[in-house]
Amino acid sequence: MVTILVGGQWGDEGKGKIIDLLSERAGMVIRSQGGNNAGHTVVSHGQEFRFHLIPSGILYPSTTCVIGNGVVLDPRVLLEEMDHVQARGVSVDHLVISDRAHMIMPWHPILDQLEEGQRGDDRLGTTWRGIGPAYADKVRRIGFRVGDLQKPRFLQKKLEFVLGKVVNPLLQDLYRVAPLDRDQILATYAAYGERLDPFIQDIFPLIQGALNRRDNILLEGAQGSMLDLDFGTYPYVTSSSPSAGGALTGSGIPPSRVDTTIGVYKAFSTRVGYGPMPTELVDATGDRIREVGKEYGTTTGRARRVGWFDAVVARYTVALNGIGSIALTKLDVLDGVDPIRICAAYRRKGVLHDHPMSNISHLKHCEPVYEELSGWQASTRAARRAADLPDAARRYIARVAELSGAPVEVVSVGPGREETLWMKEPSLAGLAREAR
Ligand code: GDP
Ligand code: IMO
Ligand code: MG
């Protein structure tokens, strides 16, 4: 059984929490795109873990956690993360890294920051983790793959060319900054290679084996569909495909093997970085949601922009990914917000639009058409079944599902594992309980 899980908005929807919930019954969890621009939070037995590269299934020792070929991996960050979780008593013996994954090299974060500086007022608000430059090098075929760590002479030769002919001239001649030292990089990456060697392999046979055994495989999306390089608000996007298609190319799983796609959505909208966000709230309600929801970036600590639930976005990303069920998170953050609005359509120059326009200047200037629903005053934190929720909360969830075009099967009312409602059976809960 193959399940793809994607973020349906602009990232930080709570994917980590949902992956952790489903991982208990998964034989394998795979990260297939992005890098340490991601920050996925899991709260288990009151302990909070923030994963940037390690798949969020790592807390289950018998779940194989794979960093797939589509990821751009910063070895320094991965090793720090491995040390950190091990120090907290979590084994990483079940971690596997694809030798085809590309690496973040020391110049990638530098170029990310320099390029952002050049853009001035038009900057994208990237995470400065080097994601865009690393994917650009992959596409230009001058990227370094994790498997290169196991071929020191090849690595040295390639570094001679890439650093000497491409990177250092760019740093010195265009940006007027100091060149990077080849021997130092070689020594650093040799040390990374030594430590990572036991984890690196060609994941093709591993994944084929899991498919043949019909294991439960979970594909853990990073970012969200509105940050998709093709279908997001280009150029205010990330440099990978966080949509369902990217999960497949980033892992080598064929489309015909996918059983279900889950979309994770927050009960409102957030966005980090620049770019259009039609339902953004720049008022006291927005501030309140940000504070109650602790909407500050898991990776960069930046304040997230906050807005009403945008069903135009949700309808689009449900359709784009073929989402069969929605996990709706952070419903509790709306406790006491009254009334609550949902954006049902956009209006531009008097014309209604039911999906986000590809032209972002149109998107920037469209006006959200809102439906207003009653809020609820009671806390939802203790709810464990649909029947425990206030009527108004149930009406809100039903309207989100109707406008988005997919059933809401999981509702999250707090960061903890147990703060979760499975809305109907058979459901994702059933899927999660299936034999490995
Ligand atoms: P991800 O990138 O999609 O995994 O999401 P992040 O971890 O970056 O951000 C989600 C944040 O919301 C984390 O701090 C979670 O612990 C927290 N969270 C997840 N679900 C809920 C929920 O239902 N209610 C509340 N209050 N917090 C939640
Ligand atoms: P998770 O997996 C939210 C955003 C950045 C910026 C844009 C491009 O935790 O949901 P990049 O560094 O990728 O080139 O930045 O994408 N961004 C995210 N926003 N959650 C994420 O990941 C993000 N990863 C990238 O803020 O606007
Ligand atoms: Mg996040």
Worksheet item: Taking segment 235-250, which residues are closer than 25 Å to PRO205 by Cβ and within 16 Å of ligand 2 (Cβ to nearest atom)?
Response: SER240, SER241, ALA244, GLY246, ALA247, GLY250
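Results for (1) modelled with pLDDT of 95 or more; (2) out of contact with any Leu (no Cβ under 7 Å at 6 or more places or on another chain); (3) surrounded by 13 or more Cβ atoms within 10 Å (Cβ to Cβ), shown as yes or no for each residue.
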{"site": "LEU163", "(1), (2), (3)": "yes, no, yes"}
{"site": "ARG176", "(1), (2), (3)": "yes, yes, no"}
{"site": "PRO179", "(1), (2), (3)": "yes, no, yes"}
{"site": "ASN212", "(1), (2), (3)": "yes, yes, no"}
{"site": "LEU229", "(1), (2), (3)": "yes, yes, yes"}
{"site": "SER251", "(1), (2), (3)": "yes, no, yes"}
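Does at least one position in segment 7-16 carry a residue that is more than 14 Å from ligand 3 (Cβ to nearest atom), in a loop (DSSP other than H, G, I, E, B) and at pLDDT 95 or above? First the steps, then the outcome.
So the first thing to find is which residues in segment 7-16 are more than 14 Å from ligand 3 (Cβ to nearest atom), and the list is none.
Checked segment 7-16: no residue is more than 14 Å from ligand 3 (Cβ to nearest atom), in a loop (DSSP other than H, G, I, E, B) and at pLDDT 95 or above.
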Discussion item. Pairs please, first residue from segment 270-299 and within 11 Å of ligand 2 (Cβ to nearest atom), second anywhere and in a strand (DSSP E or B) and not β-branched (Val, Ile, Thr), Cβ atoms under 6 Å, 6+ apart in sequence or on different chains.
Written reply: ARG271/ARG305; MET277/ARG271; MET277/ARG305; MET277/GLY307; THR298/ARG50
Discussion item. Taking the condition of being closer than 21 Å to ARG145 by Cβ and not in a loop (DSSP other than H, G, I, E, B), how many residues in segment 184-219 meet it?
Written reply: 24
Practice prompt. Can you confirm whether segment 85-93 contains a residue that is under 23 Å from ILE203 (Cα atoms) and either within 16 Å of ligand 3 (Cβ to nearest atom) or buried (at least 22 other Cβ atoms within 10 Å of the Cβ) (or both)?
Written response: no
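Looking at GLY224, GLY245 in this structure, which one is under 30 Å from LYS266 (Cβ atoms) and touching a strand residue (DSSP E or B) at 6+ places or on another chain (Cβ under 7 Å)?
On the way: GLY245 fails: touching a strand residue (DSSP E or B) at 6+ places or on another chain (Cβ under 7 Å).
Going through GLY224, GLY245 in turn, just one is under 30 Å from LYS266 (Cβ atoms) and touching a strand residue (DSSP E or B) at 6+ places or on another chain (Cβ under 7 Å): GLY224.
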Response to the item:
Those residues of segment 22-41 which are surrounded by fewer than 24 Cβ atoms within 10 Å (Cβ to Cβ) and either near ligand 1 (Cβ under 10 Å from one of its atoms) or not assigned by TED's automatic domain parsing to the domain that holds VAL333 (or both) amount to GLY39, THR41
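In this structure, does TYR346 turn out to be in contact with an Asp or Glu (Cβ under 8 Å, 6 or more places away or on another chain) and either surrounded by 14 or more Cβ atoms within 10 Å (Cβ to Cβ) or acidic (Asp, Glu) (or both)?
Values: in contact with an Asp or Glu (Cβ under 8 Å, 6 or more places away or on another chain): yes; either surrounded by 14 or more Cβ atoms within 10 Å (Cβ to Cβ) or acidic (Asp, Glu) (or both): yes.
Answer is yes for this residue.
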Worksheet item: Does segment 62-76 contain any residue that is among the β-branched types (Val, Ile, Thr), in a loop (DSSP other than H, G, I, E, B), under 21 Å from PRO106 (Cα atoms) and modelled with pLDDT of 95 or more?
Response: no
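The values are calculated or read from the model by the stated rules, or taken from the named source; none is laboratory data. Given the structure is predicted, the values throughout are model-derived calculations rather than measurements. So basically every Cβ, Gly included, is an ideal-geometry build from the backbone, and we count neighbours across all protein chains shown.
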